[in-house]
Structures are given as C-alpha cells and as structure tokens.
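The values are calculated or read from the model by the stated rules, or taken from the named source; none is laboratory data. Remember, predicted model here, so these are calculated numbers, not experimental data. When we count neighbours, we look across all protein chains shown, and the Cβ atoms used for this are built from the backbone with ideal geometry, even at glycine.
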C-alpha cells in the first residue's frame, strides 16, 4: 500500500439521525487506494448508514465526506460512474436472465467492463441463460458482485456480502473479493462476521453504537487486547508444577485431570517447551489458544458481536 | 444501447414472460368482443340503447377493460414489487435514476394498451362490422387521457401500498367499481340516470363516454376530458409526492 497517496475515501465526524434516533454518532476513517477496508460491528451499529452516506444514497446530518476527492451528494452523478455498490439483500426482476441483467446494467455506464469476461471470472458463464429466481443464494451473490463491478469501478462497496451463504459459498466469495482487490479495486466491506473480517481485511474499523471504537489491521487489533495465551497438554511423565511456575512467562498453572493448563504472556510456548525438553517430557495433545478478533471485539466494546 | 431504451425493452421482455398477464391484457379484451359478438341478439340494433347494437358498445368497453387490467392489476403489483425487492434501491446506486424504471414500466403499459386496442378494433371491424372511430383525433386523445388517468391511479396505489401483495390487492379491489362504471356489466346507455351521472365522474366512466363519443363521430364531451385530466393531475401529482424508493 502506498501510504503517501491521498485516501480514496475520507470520512470525518459523520453524523446521521433518523427521526430522533442517532444511527451514526461520530464516525471518522480513511480508506487507502487498493486495500480491503472492513467496517465491522454488530447489527444496528450504523455500518450500513455509514456506507449509504459514502454512496450518496443518504444525506449526512453532519461531518464531511470525500470519495475520490468528490462530494457524494453534490457529485453524485460522477461518483456513480466510479463507485460500484452491492446492497444488502437487494433482489432483481424474478425472470430476468443473468446475461440480460449484465447487459442491462452495463448499459448504464460510460465505460463498462466486458460483462462476458466478468461473469466468466465469477464462474457464472454456464448460468447466463438462467432466470434470477432460479439461481442459488451463492450465485445470486456472485451476480450481485458482478453487477457492482460491471461499471469498472475504482471502489467497490460490498454490504453483508456473505450473509445467508453456506460455508463453502462463503469461502468462494472471499477468494473473489481478494481477486477484486488484486485488480486494483479498493474494496469497502461491511460485515458482522469476525472470521470474514480477520481473513479478508487489510485494515478495519470497528463500529459500535454509531462510533468508531478502533481502526487497525486485524493483527493489530488482536495485539491491542494483550490477551494471555493458554497452552494445554498432557505430560508423558509426572511434572512438577514449580518447574513451570518458576518461568517469568508463566502466570498460572492449573490441572484438569491429566491435563495441564498453562497461561502466560510473551514467548510462552517456547519457554514451556524448553523446560519439558530438558526433563525429557513429551507434551501430548498440545494445544495453543491465542486471542482472536472475537476477543479483541469483546475487549473493545465490552460485549460479543452477536448481542 | 442507450440505458433508457434498454430498460424499456427489458420491461417488455419480462412482461412477455408472464403468460397470464399477456393473456388478460392483450388477448382477453379482443376475446370478449368475439364472444359477445357471437351472440346473435347482440348484433341487432336495440331501441333501449338508442338504436345501436350491444356489440358496438362493447368495443369501447373492452378497450377500457384493457386499460384497467394494465393499470390496476399490472402496474401497482409490479412497481411495489420492484420496491419490495430492492430493485429501485439497487438502481439508485447506478448512474441511472430509479424513476427511469417507472417510466419504462409506463411506456411498456402504453405499448401493450395500444396493441390491445388495435386488436379489439380489428376484431370488431372485421368480424362484426363495428365502424372504426369516426373522429379519430378525438378518439386518440380520449385513449391517451384514459390510459394516463388509470396509470396515474395505478402509480398512486404503488406509491402508498406497503408491499407487492397489498399493491395487488388494492388494484384488484379498485378494478371492480372502476369497470362497473365503465359499463362492463351494464353499458352506460342502459344505466339509470343517477348511475350514469355518477359514472361520468369516474375515471373509466368518463373514459368510456369519451371513447364512445369519438367512435360515433363527435368530439369527446368536454366534461369527460376534464374529468380524465383531473384524475391525471390529482393522482399523478399525489403519486409523485408520495412515491417511496425503498
């Protein structure tokens, strides 16, 4: 990522109310060209409203927005040529065939992509004559991505892309999004799936109750938690706890039956493994639990994403 | 190809994929003329109807039927369905304004109405010797105003209906009184005086009267044209104000 370039999207102090309810309180972030930027948060956190303001679909009540250096409200016409949008749960005409939909939507743009090539890359070519209502959930989502990309956009905004997909279709969709980024398209991904955010996003903004709680890389967010690591194993020979508790990295040692659970910080695994090797003890069923983005989210917001 | 032309051709293509809708809007009015025309007594001049034949009246009544089917049973369900499915919202994120989809739907409805009218007139003329409209310009004006008035009402229903199901239901409920006053069950000429007075102020009562006047060779009555114009303005204006894109 070229950190010297100006951001393609700049949101500062965005504020939006609906009839007295604050949907977005105060949101600021910047998206760099060529990255996959995630907006992560529970349902109702203000994610969709935020991207709708970026898309120019909604008018903010406060704050400033710049998308490709333009104002999403004033320069709406120009931006629609350059920003592709995949809306949460938007359908199409029931009986339109896939190829007809691609042809129709490509006619809206001045310099459309080659839609035949696009559906080929998305693995939809053999479905080109299938009506929309006969496509599977995964195929509909892929068509939705294709429609968002048919205008050859510089930015693609994808809202809750994998909701309702089975795990395999979800993984396939993730591969697709990486391909989109690799073509040089900046991707803004709205999601409430931890796994998706952790796997895909170069950076992400965690939003809760209309405010940005943190912005960082997934690894950076996890590191902020400074959660303790936990190692579990079954020693092959009797093990004196004091061998482990004496180590500076170890905080606590507990036993669950034959299983030893060691919690600690720093290079815990290396320290424990060295001690065991020195005493010729083999660690059977060894497991290392590390902090995940889930833990980071709980630490940042004080709750899990699902409630 | 131009995006607007593409939207209209898509709309027409999708319409042609709905066999039930095609049957009732394109074929059914002409079939009704054929059925009524095959009843011998309907081909005899009737003193009760002022010397015209029943079949002469049902050509214009069938034209209003085609318009009512399109505008009340088609438009509200289709447009509120587009809103419910998020098609209008999706279009709003592209360089095309979602209003273009409404325009495409209306243009398609007008084209279908035109085909249906031509079929009805052709069957009436060829099979039953019903004269073609004698005051052609007046007939065209009445046809356009009647279609516009009904489509404005259809748009209004689409604007206020919360979903496709409700849009369809409201359209169907409106269809019966509208067609009653257009004379589908009792032609205007056979209506009691009071009913006829009321009918003249209903959209297709006025529409049928204007079409009938022009068919007989006179310019449509000013009251009929004014009534139709008022429906266009009131319901078209209300629809434009109240229409929700999502």
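To keep it simple, each residue is scored yes or no on (1) within 13 Å of residue B:67 (Cα to Cα); (2) at pLDDT 95 or above; (3) surrounded by fewer than 16 Cβ atoms within 10 Å (Cβ to Cβ).
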| site | (1), (2), (3) |
| --- | --- |
| B:150 | yes, yes, no |
| B:160 | no, no, no |
| B:163 | no, no, yes |
| B:166 | no, no, no |
| B:182 | yes, no, no |
| B:193 | no, no, yes |
| B:201 | no, yes, yes |
| B:207 | yes, yes, no |
| B:213 | no, no, no |
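The lone criterion from (1) closer than 21 Å to residue A:202 by Cα; (2) within 14 Å of another protein chain (Cβ to nearest Cβ) left unmet by residue A:82 is number (1). Within the range B:164-180, is even one residue more than 20 Å from residue B:21 (Cα to Cα) and in contact with a helix residue (DSSP H, G or I) (Cβ under 7 Å, 6 or more places away or on another chain)? No, because not a single residue in the range B:164-180 is more than 20 Å from residue B:21 (Cα to Cα) and in contact with a helix residue (DSSP H, G or I) (Cβ under 7 Å, 6 or more places away or on another chain). Of the candidates B:65, B:32, the single residue that is away from chain A (no Cβ under 14 Å) and over 16 Å from residue B:114 (Cα atoms) is B:32. Take the conditions touching a residue at least 40 places away in the same chain (Cβ under 8 Å), touching a strand residue (DSSP E or B) at 6+ places or on another chain (Cβ under 6 Å) and part of a strand (DSSP E or B) and apply them to residue A:300. Does it pass? For residue A:300, the condition - touching a residue at least 40 places away in the same chain (Cβ under 8 Å), touching a strand residue (DSSP E or B) at 6+ places or on another chain (Cβ under 6 Å) and part of a strand (DSSP E or B) - is not met. Might you check whether a residue that is within 14 Å of the chain's Cα centre (by Cα) and more than 14 Å from every other protein chain (Cβ to nearest Cβ) occurs anywhere in the range B:86-104? No; the residues of the range B:86-104 include none that is within 14 Å of the chain's Cα centre (by Cα) and more than 14 Å from every other protein chain (Cβ to nearest Cβ).
Strands (runs of 3 or more DSSP E) fully within the range A:8-92 that include at least 1 residues being within 29 Å of residue A:136 (Cβ to Cβ): A:36-40, A:83-86. Of all the criteria given as (1) over 20 Å from the mean Cα position of the chain (by Cα); (2) in a helix (DSSP H, G or I); (3) away from every other protein chain (no Cβ under 14 Å), the one not satisfied by residue B:131 is (2). Among the residues of the range A:228-259, those that are part of a helix (DSSP H, G or I), surrounded by 11 or more Cβ atoms within 10 Å (Cβ to Cβ) and free of Cβ contacts under 8 Å to residues at least 24 places away in the same chain comprise A:241, A:245.
Screening A:262, A:272 for residues that are at pLDDT 85 or above, part of a helix (DSSP H, G or I) and touching a strand residue (DSSP E or B) at 6+ places or on another chain (Cβ under 7 Å) leaves exactly one candidate, A:272. If the condition is being over 18 Å from residue A:119 (Cα atoms), under 14 Å from the mean Cα position of the chain (by Cα) and assigned to a strand (DSSP E or B), then the range A:148-187 contributes A:157, A:159, A:186, A:187.
If you filter the range A:113-128 down to residues that are within 27 Å of the chain's Cα centre (by Cα) and assigned to a loop (DSSP other than H, G, I, E, B), you find that the one that is farthest from the other protein chains (Cβ to nearest Cβ) is A:123. Here residue B:24 passes the criteria (1) surrounded by fewer than 21 Cβ atoms within 10 Å (Cβ to Cβ); (2) touching a helix residue (DSSP H, G or I) at 6+ places or on another chain (Cβ under 6 Å); (3) within 14 Å of chain A (Cβ to nearest Cβ) except the one numbered (3). With respect to being more than 9 Å from chain B (Cβ to nearest Cβ), within 23 Å of residue B:101 (Cβ to Cβ), touching a residue at least 12 places away in the same chain (Cβ under 8 Å) and crowded, with 23+ Cβ neighbours inside 10 Å, residue A:67 falls outside the description.
Kindly establish whether residue A:18 is buried (at least 16 other Cβ atoms within 10 Å of the Cβ) and out of contact with any strand residue (DSSP E or B) (no Cβ under 8 Å at 6 or more places or on another chain). Answer is no for this residue. The residue of the range A:86-106 that is surrounded by the fewest Cβ atoms within 10 Å (Cβ to Cβ), among those that are at the interface with chain B (Cβ under 7 Å from one of its Cβ atoms) and in contact (Cβ under 8 Å) with a residue 40 or more places away in the chain, is A:89. Screening residue A:77 against (1) facing chain B (nearest Cβ under 9 Å); (2) surrounded by fewer than 19 Cβ atoms within 10 Å (Cβ to Cβ); (3) closer than 17 Å to residue B:82 by Cβ leaves a single unmet condition, (3). What about residue A:136, is it more than 24 Å from residue A:9 (Cα to Cα) and loosely packed, with under 14 Cβ neighbours inside 10 Å? Yes, satisfied.
Looking at the range A:46-56, is at least one residue surrounded by fewer than 19 Cβ atoms within 10 Å (Cβ to Cβ) and at pLDDT below 95? No, that holds for no residue.
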